[in-house]
Amino acid sequence: MGLKILMDAIQNEKVSQEIFDMHWWVHDFKDSLVPLIASDRPLRISNGIGDRECVISIPLTPSKLFIAAPILEKKEAFIRMNQLELVVKHNKVIAACADRRVYGHTGMLFVQRYLGIGDKIPFMKRV
C-alpha cells in the first residue's frame, strides 16, 4: 500500500519533481540489536513533501531503511543519531500506523502496545 501511495504521488508532476530532487539513500542498521519492522502501511512521510524538513522512509529489510530528504544534512543527522533509538522510534511509528498487519521479528507485546495508535506518535506523520 505504501508503494502504491508513493507511485500515485509520483504521477503528480509537482510532487514527483520534489521527490526526484531529494537525496536518496539506504540507511543500514546491521549493527542494531533490534530489527526494523514493516507493516501494511510502510510508507512514512514527515512534514509533507515540499517542506525542507521532509523525510520519506520505507523499510526494505530488517536492517535496511530507504530514506529520501531534500537536504543532505538529514543523512548526516541520521548517521549521528543513536541507531537503537532510531530503530525503536521507527518501529513504534510503523506499528502505530499499521492498519492490520505488522511484519518482523519484534515481540508480539511490542506490536500489541503500539498497533493502531496512529497519530499519537509525533516522530512521523501518518500518510
Search result, residues across segment 82-102 that are buried (at least 16 other Cβ atoms within 10 Å of the Cβ) and touching a residue at least 60 places away in the same chain (Cβ under 8 Å): Val102
When the residues of segment 25-49 are filtered to those that are farther than 11 Å from Gly104 by Cβ and touching an Asp or Glu at 6+ places or on another chain (Cβ under 9 Å), which remaining residue is surrounded by the most Cβ atoms within 10 Å (Cβ to Cβ)? Arg41
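Go through the residues of segment 19-41 one by one and say whether even a single one is without any contact (Cβ under 8 Å) to a residue 40 or more places away in the chain and out of contact with any Ser or Thr (no Cβ under 9 Å at 6 or more places or on another chain). If you could, list the steps in order and put the result at the bottom.
Here is the first cut: in segment 19-41, the ones without any contact (Cβ under 8 Å) to a residue 40 or more places away in the chain are 20, 28, 30.
Still in the list and also out of contact with any Ser or Thr (no Cβ under 9 Å at 6 or more places or on another chain): 20.
Scanning segment 19-41, I find at least one residue that is without any contact (Cβ under 8 Å) to a residue 40 or more places away in the chain and out of contact with any Ser or Thr (no Cβ under 9 Å at 6 or more places or on another chain), so the answer is yes.
This table checks each residue for (1) among the aromatic types (Phe, Trp, Tyr); (2) within 23 Å of Asp8 (Cβ to Cβ); (3) under 11 Å from the mean Cα position of the chain (by Cα).
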{"site": "Leu33", "(1), (2), (3)": "no, no, no"}
{"site": "Asp40", "(1), (2), (3)": "no, yes, no"}
{"site": "Leu65", "(1), (2), (3)": "no, yes, yes"}
{"site": "Ala69", "(1), (2), (3)": "no, yes, no"}
{"site": "Ala77", "(1), (2), (3)": "no, no, no"}
{"site": "Arg80", "(1), (2), (3)": "no, no, no"}
{"site": "Val88", "(1), (2), (3)": "no, no, no"}
{"site": "Asn91", "(1), (2), (3)": "no, no, yes"}
{"site": "Ala96", "(1), (2), (3)": "no, yes, no"}
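Could you tell me which residue of segment 50-65 is modelled with the lowest pLDDT, considering only residues that are farther than 15 Å from Gly104 by Cα and surrounded by fewer than 16 Cβ atoms within 10 Å (Cβ to Cβ)?
First pass over segment 50-65, keeping only residues farther than 15 Å from Gly104 by Cα: 50-57.
Imposing the further condition that a residue be surrounded by fewer than 16 Cβ atoms within 10 Å (Cβ to Cβ) reduces the set to 50-53.
Numbers: Gly50: 90, Asp51: 94, Arg52: 93, Glu53: 94.
Once the filter is applied, the top-ranked residue is Gly50.
The values are calculated or read from the model by the stated rules, or taken from the named source; none is laboratory data. What you see is a predicted model; the values in this text were computed from it and never measured. Positions of Cβ are backbone-derived with ideal geometry, glycine not excepted, and every protein chain shown enters the neighbour counts.
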